[in-house]
1. At 222 nm, what value in deg cm²/dmol follows for the chain if DSSP H runs of at least 4 each add -39500 (n - 2.57) and the sum is divided by all its residues, to the nearest 500?
2. I'd like the Karplus ³J(HN,Hα) series for segment 104-111: coefficients 6.51, -1.76, 1.60, θ = phi - 60°, whole numbers in Hz, and an x wherever there's a Gly or Pro.
3. Ser372 label point, 7 Å along Cα→Cβ, cut-off 20 Å on backbone N: hits in segment 246-262?
4. So, with +1 on the Cβ of K and R and -1 on the Cβ of D and E, and no other charges, what is the size of the charge dipole of segment 267-406 about its Cα centre, to the nearest 20 debye?
5. Whole-Hz Karplus ³J(HN,Hα) for segment 174-182, in order, using 6.51 cos²θ - 1.76 cosθ + 1.60 and θ = phi - 60°, x for Gly and Pro?
6. For the chain, what is the charge dipole size about the Cα centre, in debye to the nearest 20, if Lys and Arg each add +1 at the Cβ and Asp and Glu each add -1 at the Cβ?
7. Determine ³J(HN,Hα), in whole Hz, for all residues of segment 274-290 in sequence, where each value follows from phi through the Karplus function 6.51 cos²θ - 1.76 cosθ + 1.60 and θ = phi - 60°; x replaces Gly and Pro.
8. Evaluate E = 1/(1 + (r/R0)^6) for Glu245 and Asp379, where r is the Cβ-Cβ distance and R0 equals 22 Å; express this FRET efficiency to the nearest 0.05.
Amino acid sequence: MMYSSKFARTALAALIAGMCAAGAQAQVTDNVVKIGVMVDKTGVYSANGGPGGVTAVQMAIEDFGGKVLGKPIEMVSADYQNKVDIALAKANEWVDRDEVDMIIESTDSASAIALQKLGAQKKKIILLAGSATTALTNKECSPYGVHYVYDTYSLATGTGRAIMESGGDSWYFLTADYAFGSSLEKDTTKVINEMGGKVLGTIKHPLSASDFSSFLLQAQSSKAKIIGFANAGKDTQNAVRGASEFGLTKSGQKLATLLIFDTDLKGMGLPIAQGLLFTTGYYWDMNDETRAWSKRFYARHKAMPTMIQAGMYSATTHYLKSIQASGTDSPEAVMQKMKATEINDFFAKKGKIREDGRMVHDMYLAEAKKPSESKSDWDLMKILKTIPGDKAYQPMSEGSCPLVKK
């Protein structure tokens with residue numbers, strides 16, 4: 001009798017577990033979890049996220065086993081060509097026709113804002129990995145959006161503060177003429193003013209500028225101690241090369257590259273890049289964990305990962321884990337789980353997604369190595385200090401996200 005009772009309890013437990021698993025699987029819409037990857041595949045930002053970002057997401061899917069809750073995980077990707085209208089058209093097509101569940105991007109800030117608005121309207125999770133504007137977690141925040149890797153506040157806090165502390169108290173900005181550049185200049189200016197410095201001038205340049213000569217000459221004539229580049233990708237590379245050719249640094253002016261990536265240092269070469277101070281959220285050679293994952297990525301992409309690409313892997317994995325843990329791909333349930341679960345992987349330790357959508361994690365002040373310090377092709381930078389997450393990002397009390405209770 002005891003045996004049969006025990007057997008019955010075991011059988012009942014197994015039945016309940018099976019029913020729960022079946023119920024969880026039934027909660028996957030269309031019996032597939034589909035991820036859309038929106039990147040610049042050929043333009044000014046293609047090396048920072050681009051095809052490498054697509055590779056990182058594919059790796060995350062494969063490492064997860066290709067299935068979640070027993071259902072297949074699929075990926076689609078698109079080149080939005082650095083155009084907001086193309087990004088929106090493709091995102092609408094993915095959501096309405098292809099029933100994509102989540103979109104992850106490595107795009108510019110203007111496109112990211114548009115995607116986040118679309119996600120809020122259509123109740124789709126948008127993970128923002130490459131965009132930088134703090135508007136995404138302020139007035140443009142969304143219950144379906146996560147700003148994962150970095151933002152202009154963290155870049156300004158790291159690089160701007162370090163340069164001010166070293167005596168660089170007068171600035172002139174070369175700024176990309178769209179949301180990202182304006183946000184980065186604004187946040188850095190705030191740091192400069194708070195620390196008693198001054199901005200002597202600023203000039204806007206178009207995305208993918210073909211010639212920086214006139215911009216650099218105006219910066220040179222300003223006599224500012226620091227020329228701040230509030231741009232990114234190939235624009236930063238070309239501006240730094242131009243500054244070297246015009247002899248700005250030889251005349252005593254210093255360059256502040258407010259957003260720069262491993263691929264930019266590699267593209268310029270250390271003879272030109274050496275000594276540049278910048279802030280990053282990740283470096284492939286920080287520890288055994290970062291080296292192990294980055295070498296796997298390198299084997300497929302033939303370049304070491306940027307912080308965007310590493311962040312895209314981490315964000316995708318966190319999303320998939322949250323589906324698994326919540327037993328459904330319902331965006332509300334998944335987002336709730338994402339915010340409730342600490343992120344601990346090779347990209348971030350004790351990472352936490354706040355109410356405003358900001359993923360808070362440590363950032364790092366770094367310096368480009370001298371050629372004599374580099375021991376291999378991708379040995380490009382040294383980490384000078386860690387900026388704790390609670391110091392790196394704008395406090396929610398200073399923000400304007402309507403989701404945050406004041």
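1. -13000 deg cm²/dmol
2. Result, ordered by residue: 10, 10, 10, 9, 7, 5, 5, 5 Hz.
3. Correct set: 250.
4. 60 debye
5. Rounded to whole hertz, the list is 9, 10, 4, 8, 7, 3, 4, x, 5.
6. Value, rounded to 20: 660 debye.
7. So the Karplus estimates, Gly and Pro as x, are 3, x, 5, 9, 7, 10, 9, x, 6, 9, 4, 9, 7, 7, 4, 5, 5 Hz.
8. With R0 = 22 Å, the Cβ-Cβ based efficiency is 0.30.
The values are calculated or read from the model by the stated rules, or taken from the named source; none is laboratory data. Keep in mind that what you see is a predicted model, and the values were worked out from it rather than measured. Every residue, glycine as well, gets a Cβ built from its backbone with ideal geometry; the counts of neighbours run over all protein chains shown. Please note that ligands, DNA and RNA were not included when accessible areas were found on the heavy atoms of the full protein model with its side chains. Shrake-Rupley method; radii C 1.70, N 1.55, O 1.52, S 1.80 Å.
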